[in-house]
1. Out of the residues in segment 51-85 meeting the condition of being part of a loop (DSSP other than H, G, I, E, B) and in contact (Cβ under 8 Å) with a residue 12 or more places away in the chain, tell me which one is surrounded by the most Cβ atoms within 10 Å (Cβ to Cβ).
2. In segment 1-12, which residues are surrounded by fewer than 12 Cβ atoms within 10 Å (Cβ to Cβ), more than 12 Å from residue 51 (Cβ to Cβ) and modelled with pLDDT of 65 or more?
3. Does segment 25-46 contain at least one residue that is assigned to a helix (DSSP H, G or I), closer than 30 Å to residue 93 by Cα and out of contact with any strand residue (DSSP E or B) (no Cβ under 9 Å at 6 or more places or on another chain)?
4. In this structure, is residue 26 surrounded by fewer than 13 Cβ atoms within 10 Å (Cβ to Cβ), closer than 26 Å to residue 10 by Cβ and either without any contact (Cβ under 8 Å) to a residue 24 or more places away in the chain or more than 14 Å from the chain's Cα centre (by Cα) (or both)?
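The values are calculated or read from the model by the stated rules, or taken from the named source; none is laboratory data. Because the structure is predicted, anything quoted here is derived from the model rather than measured. So basically every Cβ, Gly included, is an ideal-geometry build from the backbone, and we count neighbours across all protein chains shown.
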């Protein structure tokens with residue numbers, strides 16, 4: 001009679017269990033290096049953990065922020081036109097080469113030039 005009966009948990013419910021307390025965690029928004037990210041927090045021990053999906057989303061946001069801050073470029077003169085060079089890391093991340101096709105879309109009202117690969 002002293003057996004503890006535990007219902008079958010779904011993958012999502014198992015993912016939300018605290019590693020320390022085995023308690024169900026709540027979804028919270030926390031800051032990581034100044035960026036808001038989703039995580040799980042144990043209501044008992046306050047331990048914060050990330051699922052694989054949450055960790056991936058946080059890594060993408062952090063990389064986007066790092067690249068946004070780091071890459072400010074000035075155009076260079078090429079004949080009667082202007083050109084833009086891409087840092088080696090951007091070339092690598094986006095798989096760019098001299099044969100890559102870039103779609104350039106000016107947004108005049110916002111003073112934005114959007115560049116898409118492909």
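1. 51
2. From segment 1-12, those surrounded by fewer than 12 Cβ atoms within 10 Å (Cβ to Cβ) are 1-8, 10-12; that's our starting set.
When the remaining residues are screened for being more than 12 Å from residue 51 (Cβ to Cβ), the result is 1-8, 10.
Answer for segment 1-12, where residues must be surrounded by fewer than 12 Cβ atoms within 10 Å (Cβ to Cβ), more than 12 Å from residue 51 (Cβ to Cβ) and modelled with pLDDT of 65 or more: 8, 10.
3. No; the residues of segment 25-46 include none that is assigned to a helix (DSSP H, G or I), closer than 30 Å to residue 93 by Cα and out of contact with any strand residue (DSSP E or B) (no Cβ under 9 Å at 6 or more places or on another chain).
4. Judged against the criteria, residue 26 is a match.
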